[in-house]
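See below for the structure under consideration.
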Amino acid sequence: MPGFIDFHCHLREPGFEVKETIATGSKAALSAIYYYLLYAEHAPAAGQRGDDCDGKNIAERDGMIQVLPIGCVTQGRKGKALIYMEPLVKAGVVGSAMTATRSKLRN
């Protein structure tokens, strides 16, 4: 059965579980025929280093569909220096697709 992919969603776990969890967000996505979610973590400095990808472990455990983390494209979400991709790739982050949504790339 065909389904959709959300390339940039904001599940609130880890960090803001009171608003939404990976389990509740993936359940809602599945009900709307989404089979993949690429999400930006909201924990402090999430998506900067491989050891910050706690959401990946939670997603593997609680996700009702494929829930994959994306990282911020710049260090500290400051829009200046680009991140180092290798640690993120090793941690399972599937991309760093311009997730500096609140800050512009300056350099």
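The values are calculated or read from the model by the stated rules, or taken from the named source; none is laboratory data. For clarity, every value in this text was computed on a predicted model and none was experimentally measured. Because the Cβ atoms are built from the backbone with ideal geometry, glycine has one as well, and the counts that use them run over all protein chains shown.
Tell me, which residue of segment 69-89 that is part of a loop (DSSP other than H, G, I, E, B) and of a type in the set (Gly, Ala, Ser) is modelled with the lowest pLDDT? This residue is 79. The sole residue among 65, 58 that is under 19 Å from residue 7 (Cβ atoms), at pLDDT 70 or above and among the aliphatic types (A, V, I, L, M) is 65.
The residue pairs whose first member lies in segment 2-13 and is basic (Lys, Arg), whose second member is surrounded by 13 or more Cβ atoms within 10 Å (Cβ to Cβ), and whose beta carbons are closer than 7 Å, counting only pairs six or more residues apart or on different chains, are 12/19; 12/20; 12/42.
For beta carbons closer than 6 Å, sequence separation of 6+ or different chains, a first residue in segment 57-75 that is of a type in the set (D, E, K, R) and a second that is buried (at least 17 other Cβ atoms within 10 Å of the Cβ), the qualifying pairs are 62/22; 62/23.
Would you check which residues across segment 15-32 are part of a helix (DSSP H, G or I) and either in contact with a His (Cβ under 8 Å, 6 or more places away or on another chain) or of a type outside the set (A, V, I, L, M, F, W, C) (or both) and list them?
Hits for segment 15-32 are 24, 25, 26, 27, 31.
Would you point out the residue of segment 14-24, among those that are of a type in the set (A, V, I, L, M) and in contact (Cβ under 8 Å) with a residue 24 or more places away in the chain, that is surrounded by the fewest Cβ atoms within 10 Å (Cβ to Cβ)? Ranking the qualifying residues of segment 14-24, first place goes to 23.
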